[in-house]
Amino acid sequence: MTDALPLLRLRAQPQGDRRVQLLVEWASPTEQTGGTCAPATLDPGTGTRIDLGVLCAPTPVTWREHRTMDLGTYEYPEGDTFVALLRWGEHPIRTEVRPGLPSKPEPRPLPHVSLLDTLVDEDDPTRVHVRVTVQNLAAGQRVRLDGGAGQIYLLIGEGLPEQSAEWTLTYPKGGTYTIVLDALDAQGFFLGTLKEVPFTLELSTEPTPEEGETEAPALSPRARVALEETRLARAQRPAWLPFRYARPMWYGVRTYVAPGGGRVSRIVGLGTYFSIRAETLVNGHVWYKTAGNDWVPASSVVLLHPSDLRGVKLGSTAPPPPPPPPPPPSETPKHHGIVTAYVLNVRARPGVRPDNPPIDRLRRGTRVAIYEDTTYNGEVWYRIGTNRWVHSGWVRIVDDTSEQPLREGIVTAYILNVRARPGVRPDNPPIDRLRRGAHVTIYEDTVYNGEVWYRIGIHRWVHGAWVRVIRPRTAPREGTGEEPAEAARETLWQLPVGWIVAPVLNVRARPGVYRDNPPVDQVHYKDRFHILEERIVQGAPWYRIGEDRWVYGGWVGVARFKPRPALIRPDEYWVGVSLREQTLVAYEGDRPVYAALVATGLPQTPTVQGIFRTWLRLKWGKMSGGSYATGGYYYLEDVTWTMYFYRGYSLHTAYWHDAFGRPRSHGCVNMSPYDAWWVFQWSAAGGDHSPAVYVYWA
């Protein structure tokens with residue numbers, strides 16, 4: 001006889017020769033009970049205490065695969081009956097153990113499914129209507145429908161000869177799904193599988209190129225030079241960002257079979273994102289070759305700037321690289337400048353050529369000292385140190401040799417046009433659009449027709465009335481391309497670690513919003529801190545991030561330690577993804593090694609919860625789904641560092657947004673290019689099915 005909790009029970013299965021297998025059986029969980037974890041110990045009934053580690057209940061999504069758990073087979077001494085005791089957290093669960101020959105399980109009458117009908121909605125192919133009719137469903141018994149994609153429904157028996165139910169299932173991704181009907185007892189424990197119906201849902205609306213010529217014609221010498229320069233530029237990109245990307249500037253952008261126009265290959269919408277595989281010049285116009293093997297004019301797309309967000313290594317890290325060699329003592333800088341490019345290559349001498357590859361890279365905002373300038377192929381180059389040269393086009397000279405912090409701003413307009421130069425006039429049309437809340441870096445300002453304009457990049461200007469200027473950003477250390485000094489000194493991070501996920505967040509001297517506790521500072525999106533203390537004030541969380549520095553926890557994503565579930569081996573590489581915090585922590589067994597900010601599924605397309613193992617690893621590939629009719633259409637070329645862990649759900653790079661720390665995806669776990677690359681490279685050591693992925697709420 002078993003003393004059971006509503007969530008689990010202990011079962012003894014005789015194996016013969018006084019050997020007995022002990023099993024945990026889990027009842028079908030709810031969203032509230034699923035994924036609950038607690039330390040567990042087992043006494044098989046012989047007075048021996050066995051530490052089982054942390055035992056985690058399956059979630060509604062993973063219950064079918066993990067509804068039982070083997071606790072081992074034990075041999076018992078002579079005797080009639082023993083009592084096995086499982087302690088799970090504060091709950092004791094007991095069962096009687098009767099060694100001997102295996103007993104035949106008692107027959108359990110199951111209900112009969114007389115109808116299971118599925119119908120795809122004609123107006124919305126993402127919706128599937130399901131009708132079920134069940135006979136002989138006893139009072140209290142249940143029929144559990146698992147429709148995939150986290151959709152679970154119950155039909156509770158009322159003791160009637162026949163019962164029916166209808167449900168509508170919604171699928172955010174195309175693929176193969178299986179509708180499964182299981183019978184449960186009155187406590188929610190598994191009785192048997194009644195029916196399984198697999199089906200394939202096609203949601204992709206990928207345009208098909210026209211038949212005919214698919215290769216570009218022979219290119220001119222100038223075009224071949226441009227292609228070679230593109231190849232060299234691609235080879236010089238950081239390992240975690242192997243491609244450049246672009247998006248259409250308007251709905252209905254056309255791509256062509258060959259550069260220069262002619263035969264249309266496809267017409268794309270605003271949910272399309274191109275990967276730039278090559279670049280060429282035709283009649284003085286730049287054309288990009290996409291991953292779809294067609295060509296799009298550069299004038300009809302906007303280049304993307306993927307997030308520069310990076311997680312933190314946990315534990316000891318390698319020492320920082322040595323600083324660049326200083327100039328001779330006798331030299332004094334002629335000027336000072338600030339890097340304006342997203343990434344600026346440093347070379348040993350002036351000029352871009354194969355025998356002069358990059359030796360270093362500087363990030364945007366890096367402050368440099370300029371000791372000399374020279375001209376190479378008609379372009380000016382600056383010497384910023386011994387054998388260290390950079391292109392002048394990406395360095396803004398500043399007259400004041402003191403600290404020149406860059407200003408940052410937040411777009412306040414619903415849509416803000418970006419133009420190639422200041423002013424609204426016919427010869428200066430918009431080249432891009434920013435949405436409200438977007439962060440921008442302000443490199444300079446000027447007045448045009450009595451109005452202030454801000455330059456936020458190379459040939460990128462916006463009207464100053466629609467940008468709210470916030471705290472200046474401290475420039476990195478001169479010429480190193482590293483983070484500010486206080487961040488550069490951090491070589492060891494410990495959990496918990498927090499990231500700011502609001503555009504701006506006030507810092508106060510103590511927790512709580514009171515008149516006598518005004519803001520003393522502000523922190524900004526993606527700023528990261530050690531969480532030194534946590535406190536609940538007026539029902540809200542507050543975190544201490546420094547001496548007399550507290551921030552409201554509702555706008556902080558915190559990476560915390562998560563005990564390893566028993567289903568993950570002690571030597572396994574795995575990642576824990578917190579849906580509540582929107583953070584990820586990578587572990588080697590029980591040791592955390594990396595923490596990052598992520599973006600998981602939106603409420604209408606949630607990320608599945610449970611314990612999974614990677615079934616497919618791809619360096620890059622296409623992703624598509626949704627439809628124009630129902631919204632949510634997307635077509636993404638060359639999504640990098642992808643690790644599929646459950647059907648179409650994966651960990652992968654998101655190059656099309658920089659909104660980490662809040663749900664954003666169609667169900668996958670979005671990561672910045674660097675963080676996805678780091679996890680992909682690190683987990684490769686764990687084998688083809690690494691990493692294991694544990695998705696949980698809190």
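Please compute the per residue accessible area over region 499-627 with all protein chains in place, 1.4 Å probe, rounded to a whole number of Å².
44
Round to a whole number: what % of the accessible area of region 587-698 belongs to carbon and sulfur, probe 1.4 Å?
Percent of accessible area from carbon and sulfur atoms in region 587-698: 58.
If all Cα-Cα distances of region 52-198 are sorted into 10 Å bins from 0 onward, what percent lands in each bin, rounded to whole numbers?
P(r) over region 52-198, rounded to whole percents: 9, 30, 28, 20, 10, 2, 0.
Quick one: which of LYS289/LYS619; LYS562/LYS619; LYS313/LYS562 span more than 25 angstrom between C-alpha atoms?
Cα-Cα > 25 Å for LYS562/LYS619; rest within.
For ARG388, what accessible area in Å² do you get when you roll a 1.4 Å probe over the heavy atoms of the protein chains, rounding to the nearest 10?
The value for ARG388 is about 20 Å².
Using a probe of 1.4 angstrom, how much of the accessible area of region 516-559 is carbon and sulfur, in percent?
Roughly 49 percent, rounded to a whole number.
Carbon and sulfur atoms: what percent of the 1.4 Å accessible area of region 57-101 do they account for? List each step's numbers first, then the result.
Values: 1080 of 2400 Å².
Exposed carbon and sulfur together represent 45 percent of the surface.
Residues of region 652-698: accessible area per residue at 1.4 Å, in Å²?
Accessible surface, normalised per residue, equals 31 Å².
In what sequence, largest accessible area first, do ASP182, ASP43 appear using a 1.4 Å probe?
ASP43, ASP182
Return one whole number: the accessible area per residue of region 87-169 in Å², for a 1.4 Å probe.
I get 59 Å² per residue for region 87-169.
Tally Lys and Arg at +1 and Asp and Glu at -1 over the other residues with C-beta under 9 Å from the C-beta of ARG18: what net charge comes out?
-2
The values are calculated or read from the model by the stated rules, or taken from the named source; none is laboratory data. This structure is a prediction, so every number in the text was calculated from the model and none was measured. Glycine also receives a Cβ, built like all others from the backbone with ideal geometry; neighbour counts cover every protein chain displayed. Remember, those area values only see protein heavy atoms, side chains included, never the ligands or the DNA or RNA. Shrake-Rupley method; radii C 1.70, N 1.55, O 1.52, S 1.80 Å.
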